[in-house]
Every structure is written in structure tokens, then in C-alpha cells.
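Engineer: First the structure, then my questions, so here it is.
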Amino acid sequence: PPCIIGMEACSGAHHWARLFMAAGHTVRLVAPKFVTPYRMSGKRGKNDAADAAAICETIQRPHMRFVPVKNLTQQSRLSVHVARQGFVEQRTAHINRVRGVLSEYGIVLPLKANTVRQRARDHLDALPPWAHTVVNDLLDEIT
């Protein structure tokens, strides 16, 4: 029979929620930050039983805020944002690596990404061979 199913809003939760809803169940997704305070800590620590008990406790709270279940379109749009954010973080990390390597040789560039991309190649000839290779490879990766 249809029942209420509580789940932590994590990877794959929206897929399972859609399946359970299609079977007639009511699904309540809870953000992990709201479940954590109800998880019993101590000797047993974090495990499946403690997580299940915390989720049960959380979904029964009268003023709890739940995560809306995303449909396929919403989920696919979110995947674009997640992928883009990953690329931005990766680019930032590469730029910081370039700046770090160059600063080891007294070449200090400003934080702006465009400036680093444009001016870092100007300094390649001043670097020892291995550093030259590293910076060049990082700049190729950024490009």
C-alpha cells in the first residue's frame, strides 16, 4: 500500500523518488544538513541504521523543509550547471597552479584569469625546462 518514504537528498535520490511516486507513494526528500542533527553519534557513529533513524525522525518534524522532487527536465538542466561549475573550478585550480609555479621564480601575475592566460606564456622562456613544461601544459589545459 502507498506510504510515506523519506530519503536524504543525495545522488540518485530524485531518480528513486520519481520511481516511488510513480508507484503511488509519497516521497519526502530531506537535505543532508537537516538530517545530521538527528543522527545519533557516539560509539556507533555514522552507519546505515543511524542514518535511517535520523531520516525517520527528520521527516516527522512538523516544520521541516523538504526538497522538491525534480522532474527529468529539471534534473537534466541541473546536470548542465553541475558540469559547468566543475569546469570553472578546474580552470581556477589550473590558473592558481600556473601562478604558484611562476611565483616560485619571481614572476607574480594578478588574479585575473584573462591576464594569467595572456601574460604567462610571455614568461615561459625565463623558466627552467621542467617548469616551462609544467606551465605550458597547464596553459594548454586551460585553453
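Engineer: Helix-only estimate, please: 222 nm mean residue ellipticity of the chain, summing -39500 (n - 2.57) across DSSP H runs of length 4 or more and dividing by its residues, to the nearest 500.
Structural biologist: One gets -18000 deg cm²/dmol as the mean residue ellipticity at 222 nm.
Engineer: Oh, and also: For region 81-141, what is the relative contact order in percent, using Cα pairs closer than 8 Å and at least 6 residues apart in sequence?
Structural biologist: For region 81-141, the relative contact order is 36 percent.
Engineer: Quick one: how many Å² of M21 are accessible to a 1.4 Å probe, rounded to 10?
Structural biologist: Looks like 90 Å² after rounding.
Engineer: Let me ask something additional. Ignoring the sites themselves, what is the longest stretch of the chain with no chymotrypsin sites (Phe, Trp or Tyr not before Pro) in a DSSP loop and at most 16 other beta-carbon atoms within 10 Å?
Structural biologist: 1-65
Engineer: Sticking with this one: Can you pull the accessible area of R91 for me, 1.4 Å probe, Å² to the nearest 10?
Structural biologist: R91 has an accessible surface of roughly 100 Å² with all protein chains in place.
Engineer: Per-residue HN-Hα couplings for region 71-88, Karplus 6.51 cos²θ - 1.76 cosθ + 1.60 at θ = phi - 60°, whole Hz, x for Gly and Pro?
Structural biologist: 7, 4, 5, 4, 5, 5, 5, 4, 5, 5, 5, 5, 5, 4, 4, x, 5, 5
Engineer: Taking amide H positions as placed 1.01 Å from N in the peptide plane, with prolines and chain starts having none, which residues 5 or more places from R28, or on another chain, fall under 5 Å of its amide H?
Structural biologist: Those lying under 5 Å, H to H, from R28 are I5, G6, M7.
Engineer: Keeping all protein chains in place and using 1.4 angstrom, which order do E57, E141 fall into by accessible surface area, from largest down?
Structural biologist: E141, E57
Engineer: Two-decimal Rg/Rh of region 34-143 from alpha-carbon positions, Kirkwood Rh?
Structural biologist: Using only Cα positions, Rg/Rh for region 34-143 is 1.28.
Engineer: Let me confirm the definition first: pairs of Lys residues in the chain, 8 or more apart or on different chains, C-alpha distance under 29 Å. How many are there?
Structural biologist: Lysine pairs satisfying the spacing and distance rule in the chain number 4.
Engineer: Heavy atoms only, probe 1.4 angstrom, no DNA, RNA or ligands counted: give me D137, D48 ranked by accessible area, highest first.
Structural biologist: D48, D137
Engineer: Using the Karplus curve 6.51 cos²θ - 1.76 cosθ + 1.60 with θ = phi - 60°, what ³J(HN,Hα) values do you get for each residue of region 19-29, in whole Hz, with x for Gly and Pro?
Structural biologist: The phi angles translate into 5, 5, 5, 5, 8, x, 8, 9, 10, 10, 9 Hz.
Engineer: In whole Å, how far is the Cα centre of region 6-27 from that of region 80-122?
Structural biologist: One Cα centre to the other: 40 Å.
Engineer: So what does R28 come to for accessible area, using a 1.4 Å probe and Å² rounded to 10?
Structural biologist: 70
The values are calculated or read from the model by the stated rules, or taken from the named source; none is laboratory data. All of these numbers come straight from a predicted model, not from anything done at the bench. Neighbour counts run over all protein chains shown; Cβ positions are idealised from the backbone, glycine included. Accessible surface areas use protein heavy atoms only, side chains included; no ligands, DNA or RNA. Shrake-Rupley method; radii C 1.70, N 1.55, O 1.52, S 1.80 Å.
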